[in-house]
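The values are calculated or read from the model by the stated rules, or taken from the named source; none is laboratory data. Small disclaimer: the values here were computed from a predicted structure and weren't measured. Glycine gets a Cβ as well: all are built from the backbone with ideal geometry, and neighbour counts include every protein chain shown. For accessibility, only protein heavy atoms count, side chains too; no ligands or nucleic acids. Shrake-Rupley method; radii C 1.70, N 1.55, O 1.52, S 1.80 Å.
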Amino acid sequence: TTLIIALVIGILAARFTCAQINRIVREINLILNNILRGDFSIKMNDKRAGDIGRLGGTVNHFSTQLENIINEIQSSVSDLHTASNNLSSVTSTTTDNIMQQNKETELVSTAAEQMSITSNEVAQNTASAADSSKLADINAQSGSDISNKALKGIQHLVENLDNSARVIQELQSDTNDI
């Protein structure tokens, strides 16, 4: 009878232990599923003794770190979007100014040619205006080159953003695998 009592106690202890382990596994599963949905608010009880408490602390730390990383990425994407919009606006304004400057330069050049016919003095002023026109064209080309470099910079940032998105997807896949 002592053997039977010991066997019953052993079975009850094993069932109790299995129930505790199953409850902890369900709790971890719930937390990880919430993380997958972007909800980092549920934390595991890390006050338990032993390995279970340490596991709870690790899961909570993982959740917090992942949330911080995602928040930083979202902030960076928002900053990048704002900078891209600002750069686009500046580029558009610069292009409009260059176009207007080119039109005005053409008008000055035409007027200078007409005035050169009438007198030598006006011819000297026309040469000066032509030099100014060339300088304006050089400046306009320089502005265009700067705009092109800025666009290349944006393309590079977009590539980095795509790489970040890929890393996030891999992280999510790794999280799913956990």
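Each peptide in 155-163, 130-138, 7-15 gets a packing score, the mean of other Cβ atoms within 10 Å over its residues, and the list from highest to lowest is 130-138, 155-163, 7-15.
Ordered from highest to lowest accessible area with the whole protein assembly present and a 1.4 Å probe, PHE16, PHE62, PHE40 read as PHE16, PHE62, PHE40.
When Rg and the Kirkwood Rh are both derived from Cα coordinates, the Rg/Rh ratio for the range 139-178 amounts to 1.42.
Overall, the ratio between the Cα radius of gyration of the range 1-156 and 2.2 N^0.38 Å, rounded to two decimals, is 2.49. Screening the chain for DSSP H helices whose Cα atoms reach 30 Å or more along their own axis and whose mean Kyte hydropathy is at least -0.5 gives 2-36, 50-118. Averaging the sequence gap over all C-alpha pairs within less than 8 Å and six or more residues apart, then dividing by the number of residues, gives the chain a relative contact order of 16 percent.
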